[in-house]
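Bear in mind that the values in this text are calculations on the coordinates, not laboratory data. Bear in mind the structure is a predicted one, so any value in this text is a computation, not a measurement. Every residue, glycine as well, gets a Cβ built from its backbone with ideal geometry; the counts of neighbours run over all protein chains shown.
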Amino acid sequence: MAKILDSIRQPNDIKNVPPSQYEELAQEIREFLLDSISKTGGHLASNLGVVELTMALHLCLDLPKDKIVWDVGHQSYVHKILTGRKDAFGGLRTFGGISGFPKVKESDCDAFDTGHSSTSISAALGYARGRDLLGEDYTVAAVIGDGALTGGMAYEALNNAARMDKNFIIILNDNKMSISENVGGVSKYLNDIRMNESYIDFKEDVEAALRRIPRIGSSVAKSVKRSKDSLKQFLMPGGFFEDLGIDYMGPVDGHDIGQLIRVIQAAKRKRQTVLVHVITKKGKGYEPAEEDPSAYHGVDKFDIETGLPVKKSSAMSYTQVFSRTMLRLAAKNEKIVGVCAAMPYGTGLYKFSKKYPKRFFDVGIAEEHAVTFAAGLAAAGLKPFVAIYSSFLQRAYDQIIHDVCLPRYPVVFCIDRAGIVGADGETHQGIFDLSFLSSIPGMSIFAPKNKYEFFDILKFAVEFDGPLAIRYPRGEAFSGLKNFRSPIKYGKSEVLYSGSRVAVLAVGSMVETAESVRTLLEASGISPTVVNVRFVKPMDTEMICAMASTHELVVTLEENVLRGGFGEGVEALLGQISCNEPDLSVARVLTVGIPNVYVEHGNVDLLKETIGLDSVTIADRIMKELEKL
C-alpha cells in the first residue's frame, strides 16, 4: 500500500492531502525521521516535536513565495521532507549531502541560512520590511523556540517588531513551559473566538465605526481597547507581548493540526506583528526521546528498539576530561564556579551542577551575558570557568574585550568544539577562535596536546591571575605522548623531538597529526624537530627564533583559519627579524591551517583531507618545500 508521504515530491504537494489523512501523514513523517536518523545520526527530539506545526505552516503558506525563517534550524528536517528532499536524507550531514540546517543554496524554500540561536525574528523582520519597501506581497513567519527566546537578540528584535504596521508572524514553539488546565481551557475558548474570521472582521469593523464618531470616537475606541486588553490579560497569558505592542494568540496545542491551521490563517489576516504561542512536546511519538529529550537532541546512529547508540567509544572525550577535572578542582577550591549558556550536558558541566548547585550558573542561550556575568563573579572574588563552544563564543567578542580583558579579570574560557566539528557544518565549525582571541590585549591562549596536558592546564588555570582561554576539540581525547609531560610554564612551549632541517610547530589537536607527519618524513630520510606550541599567546618567541636560526624550514600546524592565526604570527615575527637583521639567516615559513573559507558539513577526517590538514598532504607539502630550498 502506497504511503501518503510518497506523494509529497515537491513544495506544496502537502496541499493535495485531504484533511482526513493529516494525522496519518504526521505518523508517517515520524516513522521516517526515526528510521532515517537512526542510520545517519542528527537532531531527533526537536524534529519529532514540530511535525504538526511544520505541516500546518506548509498547508497555510505558499513556498517558496512565502518565507519561513527557522531559529537555529536544527528542527527543519520536516520542512526539508515537505519540500521534496526526503530521498536525500540518506546523505544527511555527510560531505556533499544535505545539511542538517536550512541552506539557501540547497533549496529556494530555505529562506535564510541559520545555525545559531535567537536570530530568526531579526532576519524575518528584515524580510518583512524589505517586502513592504519593495511593494511585494507575501507572508513572513519566524519560528523561534522558548529556549532561543532567552537570547537577548530576540528581545531586541521583538522591540523593533512591535512597530510593524503590516503583517508579520512569529511562531513561539514552546516545548518546556506548562499551562495549567483552567488557564488553558479559558484560553482555548477565547482563541477559538479570536481565530474566527467573522470575529476578526467584526472587531475591525467595530473599531473603525467607533473612530468615525465625531469628537469622541477616537477616545471611545481607545477605552474599549484598554478594557478588552485588561480582561484578556486577566484571563490569558501573553501580557508581556501585548504590552510591547505585539498581538498575542495562544497557547495553541502544537499537535492539533486543525487548530494550528485556524490560528495561522487568522494570524495572516493581521496588519501588525502577531505572536502565535504553540505548545509542543519534544521527542513526540518516540518514548525514549519524550522521556529524555536532552539526550536525543543530537544523536549518533542508534537502535530504534532500545534507543541506545549503535557504537559507543569507551575512550574519554575532552568534554568528559573537563567534567571530571572540574569536580576534582572544585572539591579543593570553593571559589571555583561554573558558567554555561544553556548547555550543561554538551559542555560537561552537568555533573558539576548536581554536586555544586549553588556554584553553577546556566544563564540560558545568552553568551554575551554569560561572559559579562562571569566578569562580575571574578570581580566579586570568585574563579569562574566559562564553558562555551568555539562557534558560540564568537557572539561574546565585545564582552570578552571590554568586560574581561580590559580590567584583566581572571576568567577561564573553556572552549569546547574548537577546530573542525564535522556534521553540523559551517555555522558550527570552531575555526576562528585563535584569530579573534589573539587580537585581544591581555588574553592568554593555551591548546593542550592530549588529555593529560588538558588536566594540567586546568589545574594551572586555577591559580592564573588573568584571562585565559583553553581550546580543545570535539570527540575522543588524544592519549598518546603520555611520557611527554613537562611542567607548564607560562608562555613556554615543549620540544617533543629534536631533529634537523625542518621544525614543526604544532598547536593543540595538530600535535597528534605532527607525530604522524614525523613518521612519514623519517621514512623519506628526514628527521624533523617537533614542538608542542602550548601557548598560542603569548608566543614563545625565544623558541621560534631558535628554531628559525637552526632549521631551513619552520612549519606551523593549526586547526584554525590561517588569517590571524598562529602561523601568521610566526611569519610576522620572523619577517620583522629579517628586516631588522638582514645578515641573519632565518628559515622559510610554511603555514598549514584552514583556508579562509567556511568549511561545510561532513566527516571530520574527510574534511581535513579535503582542505589539506591530513598528515599525508602535510608531509608532501613539506617535502616539496625542501626541494625548493
task: Would you list the P(r) distribution for the stretch 507-600, with all Cα-Cα distances sorted into 10 Å bins from 0 and each bin expressed as a whole %?
output: 15, 46, 31, 7, 0
message: Show me the ranking of peptides 318-326, 608-616 by mean Cβ neighbours inside 10 Å, starting with the highest.
response: 318-326, 608-616
task: Relative to the longest principal axis of the C-alpha atoms of the chain, give the angle of the C-alpha long axis of helix 197-211, reported between 0 and 90° and rounded to the nearest 10°.
output: 80 degrees
statement: In degrees, nearest 10, the alpha-carbon axis of helix 152-161 is tilted away from the dominant principal axis of the alpha carbons of the chain by 40 degrees
message: Going by average Cβ density within 10 Å per residue, which order do the peptides 489-495, 329-335, 548-554, 273-279 take, highest to lowest?
response: 273-279, 548-554, 489-495, 329-335
- request: Could you tell me whether the stretch 287-388 comes out rounded, prolate or oblate from its Cα gyration tensor? Rule is a ≥ b ≥ c as square roots of the eigenvalues, rounded for a/c under 1.5, then prolate if a/b exceeds b/c, otherwise oblate.
  value: prolate
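Per the helix-only calculation at 222 nm, which mean residue ellipticity applies to the chain, given -39500 (n - 2.57) for every DSSP H run of n ≥ 4 and division by its residues, nearest 500 deg cm²/dmol?
Calculated mean residue ellipticity at 222 nm is -12000 deg cm²/dmol.
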Equivalent ellipsoid semi-axes - Cα gyration tensor, the chain, angstrom: 51, 27, 23
message: Using square roots of five times the C-alpha gyration tensor eigenvalues, list the equivalent-ellipsoid semi-axes of the stretch 108-173 in whole Å, biggest first.
response: 20, 14, 9
query: Quick one: length gained pulling residue 268 to residue 176 fully straight, 0.36 nm per residue minus the C-alpha distance?
result: 30.5 nm
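To the nearest 0.05, what FRET efficiency results for residue 620 and residue 315 with a Förster distance of 41 Å applied to their C-beta separation?
With a Förster radius of 41 Å, E is 0.90.
If Rh is defined by the Kirkwood formula over all Cα pairs and Rg also comes from Cα, what ratio Rg/Rh do you get for the stretch 1-148?
Rg divided by Rh gives 0.96.
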task: Could you state the angle between the C-alpha long axis of helix 217-235 and the longest principal axis of the C-alpha atoms of the chain, as a value from 0 to 90 degrees rounded to the nearest 10?
output: 70 degrees
query: Under 24 Å Cα-Cα from residue 166, which lysines qualify once same-chain neighbours fewer than 8 residues away are excluded?
result: 65, 67, 203, 222, 225, 228, 232, 268, 270
